[in-house]
Structures are given as structure tokens and as C-alpha cells.
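Visitor: The structure under discussion is supplied below as C-alpha cells; questions concerning it will follow.
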Amino acid sequence: MQTALIGNPNTGKTSLFNTLTNSYEYVGNWSGVTVEKKIGVLSNQHGHLIDLPGVYSLQPLSRDESVVIHFLLHDDFSNILNIVDASQLERNLQLTLSLLEYGKPVTIGLNMVDVAKNRGIQVDTNKLSSLLGAIVEPIIARTGQGCKDLQEALLASSDSSNASPLIIDYGAAMEAAINKINSLLPEDLPFPKRWLALQVLEGNQSSIDYSADWIDQEVLRSIVDELRAELKAVSPAKWIFQVRKAWIRNVIKEVQIHEAPGKESGS
Ligand code: GDP
Ligand code: MG
Ligand code: K
């Protein structure tokens, strides 16, 4: 099992990595950039944990983001451990959706549940799990609380090779553009064509470069121009972001239980 650890910056990634692994090695730099590649041996001996830089999105606008999208496009691994800050759900889940659309098994470590609780936020993890279609384990990476359950969930998820990608409806104009791009892509990609099509329509340069063998730049430009005309004032990237944001807000409405800050539950 080769598990990729992916999440936003400052969500407790290093703390979780250290909790889940006995030892680690630096195995050189990520291709093309001076970011060191760190791989740990999971303490239950059932595989390796690959550390990736913290990112908010898969757009290759920074060096760290380039590493993550390059990894998803080119590297071989079995499953994803997505660390999510429970106190910053709305922002964190943007990245989560693009990982769920990727189609590999995703296990979510819902971290900072102590911080969220102190702010009066409780998350119904079972409901969140069923809405996202991924296992969600509440954890406190700093103390290791919940991390044993998370490790067991990881093992179980890598066994279930039949993970199905999350499908969000992006509206008629976007869906038409996705279909046009899908029709140009080959069937044997290592991830769903739909995931790549969305990256391309978001203007993700790494994904556009990856697709260049099948998608002529002129053809892509005409698909995007037509889409832009349909979306009026909103860019395709912004449209995708906003659809995801609305979807995330609906999820949060269902899973987030607010109470007075600091109040103990059941007391
Ligand atoms: P990274 O930037 O994602 O690698 O995050 P770090 O592991 O460096 O954690 C950032 C800060 O959050 C550190 O001060 C950690 O000790 C703290 N931290 C990590 N996990 C938790 C948690 O579950 N609860 C609390 N209260 N703090 C945490
Ligand atoms: Mg770190
Ligand atoms: K740290």
C-alpha cells in the first residue's frame, strides 16, 4: 500500500505523518522542483505514507501545487489520506472534492476536532462520510487520538479497489464542455476522464500539458470560448469553484452542529 497524504497547509499534516509512521526517508526531490520527497513506513507495517506539500487546490500556481498535481497525473500509488481541518471545513473541502473526483480510494482524517469543539463546532462524521462517499475518522493529530482507527480505515480502503469517483453536476453548459473533452480523451487513463476534463476546463496548465497528445490547442480554445459565452461573466474556473462551494455549503449545513463555544456535549 502506497498512501498519499494530501491536505491544505497547516492542517496537521506533519503531526499526522509522524504519528502514523515509525521512520521515514528523504528520497530525493520531487521531479523538477527543489521540494524534498519524504516517504514513511506506516507503523502497522502495511505500507508507505508519501508526504506531499500542503495545498489549497490542484492549480499549479505555486511550486508546492505543481508537485501535487504532477504526482496525481504521473505517479503510481494505491490510495489517498486527505487531512481536513474540522474548524475550516468550507475552505478545506474544495481540495477534498477534487480528490474525490479523482476516483482512487480516499480516507479522510478529520483533524483539529478539539479546536473545532472549542469554537462550538461539532461535526457529524457519519453523515459527512455518507455525503462524501468516503470514510471519515475524527482525529487529534497532535495527541494521536483517533489515529489508530484512521490507520485501520486506511487499510480497509486500500483493499476496496472499487472506489467510485464523486460526481457533481456542474450545470448544462459545463457538462456539455466536459463531454466534448471526454470524447477526445482515451479510455485507458489511470483516473476518470471527467476528472481530467474538469482540470483542463479550470485552466490547470499541468493537466492541459498532460492532455496535449489528445486535445489540440485550437480545439480546446474553441470549446472553452463556447463555454465562456454560455457562462456569461463567470470564468470556467470560477464557475467550477462556485458550484463546489454551493455543494460544500449544503453538506456543511447537514453535518455541522453548532453549540455554545467550549460547552461540553451532554453536560
Ligand atoms: P502542517 O503544516 O499541515 O504540517 O501542520 P503541523 O503538523 O505542523 O501542525 C500545525 C500546528 O497545529 C502545530 O502547532 C501542531 O502541533 C498543531 N496541531 C496539529 N494537529 C492538531 C490537532 O488535532 N489539534 C490541535 N489543537 N493542534 C494540532
Ligand atoms: Mg508540515
Ligand atoms: K510540526
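Visitor: Mean separation of Cα pairs under 8 Å and 6+ residues apart, divided by the residue count of region 2-159: what relative contact order is that in percent?
Guide: On the way: 299 pairs, mean separation 37.2, N = 158.
This gives 24 percent for region 2-159.
Visitor: Right, next: Simple spin-label model, 7 Å along Cα-to-Cβ: ASP225 to GLN205 in nm?
Guide: Going from the ASP225 label point to the GLN205 one covers 2.3 nm.
Visitor: Further, regarding this structure: Which value in Å is the Kirkwood Rh of region 112-246 over different Cα pairs? Please list the in-between numbers first.
Guide: On the way: mean 1/r = 0.0564 Å⁻¹.
Computed over Cα pairs of region 112-246, the Kirkwood hydrodynamic radius comes out at 17.7 Å.
Visitor: Which one, PHE71, ILE108, PRO9, is farthest towards the positive end of the dipole of region 2-159 when Lys and Arg carry +1 and Asp and Glu -1 on their Cβ?
Guide: In region 2-159, that residue is PRO9.
Visitor: A further question on this structure: Based on the alpha carbon coordinates of the chain, what radius of gyration and maximum Cα-Cα distance (Dmax) apply, in Å?
Guide: Cα only, the chain: 18.9, 64 Å (Rg, Dmax).
Visitor: Another question about this same structure. Quick check on my link table: of LYS37/LYS193; LYS127/LYS232; LYS104/LYS193, which ones sit more than 25 Å apart, alpha carbon to alpha carbon? Before the final figure, lay out each step's value.
Guide: Values: LYS37/LYS193 28 Å; LYS127/LYS232 36 Å; LYS104/LYS193 13 Å.
Distance filter (> 25 Å) returns LYS37/LYS193; LYS127/LYS232.
Visitor: Roughly to the nearest percent, how much of the accessible area of region 172-255 is carbon and sulfur, given a 1.4 Å probe? Provide the component values of the computation, followed by the final result.
Guide: Details: 2260 of 4360 Å².
Carbon plus sulfur share of accessible area: 52 percent.
Visitor: Kirkwood hydrodynamic radius of region 1-158 from all distinct Cα pairs, in Å? Write out the running numbers ahead of the final one.
Guide: Details: mean 1/r = 0.0644 Å⁻¹.
Result for region 1-158 stands at 15.5 Å.
Visitor: Would you mind telling me the share, in percent, of accessible area of region 2-159 contributed by carbon and sulfur at probe 1.4 angstrom?
Guide: Numbers: 2880 of 6340 Å².
After summing per-atom areas, the C and S share lands at 45 percent.
Visitor: With only Lys, Arg, Asp and Glu charged, each at its Cβ (+1 for the first two, -1 for the last two), find how big the charge dipole of the chain is about the Cα centre; round to the nearest 20 debye. Walk me through the numbers on the way to the answer.
Guide: Numbers: 23 positive and 31 negative charges, 163 e Å.
Using only the charged Cβ atoms, the result is roughly 780 debye.
Visitor: Evaluate the relative contact order of the chain (contact order divided by residue number), counting alpha-carbon pairs under 8 angstrom at least 6 apart; express in whole percent. Write out the running numbers ahead of the final one.
Guide: Details: 448 pairs, mean separation 52.4, N = 267.
Contact order relative to length: 20 percent.
Visitor: Something else: What's the angle, to the nearest 10 degrees (0 to 90), between helix 172-184's Cα axis and the longest principal axis of the chain?
Guide: Approximately 80 degrees, to the nearest 10.
The values are calculated or read from the model by the stated rules, or taken from the named source; none is laboratory data. From a predicted model like this one, the values you see are computed outputs, not experimental measurements. Cβ: placed from backbone, ideal geometry, glycine included. Neighbour counts: every protein chain shown. Protein only, heavy atoms only, side chains kept; ligands, DNA and RNA dropped before computing areas. Shrake-Rupley method; radii C 1.70, N 1.55, O 1.52, S 1.80 Å.
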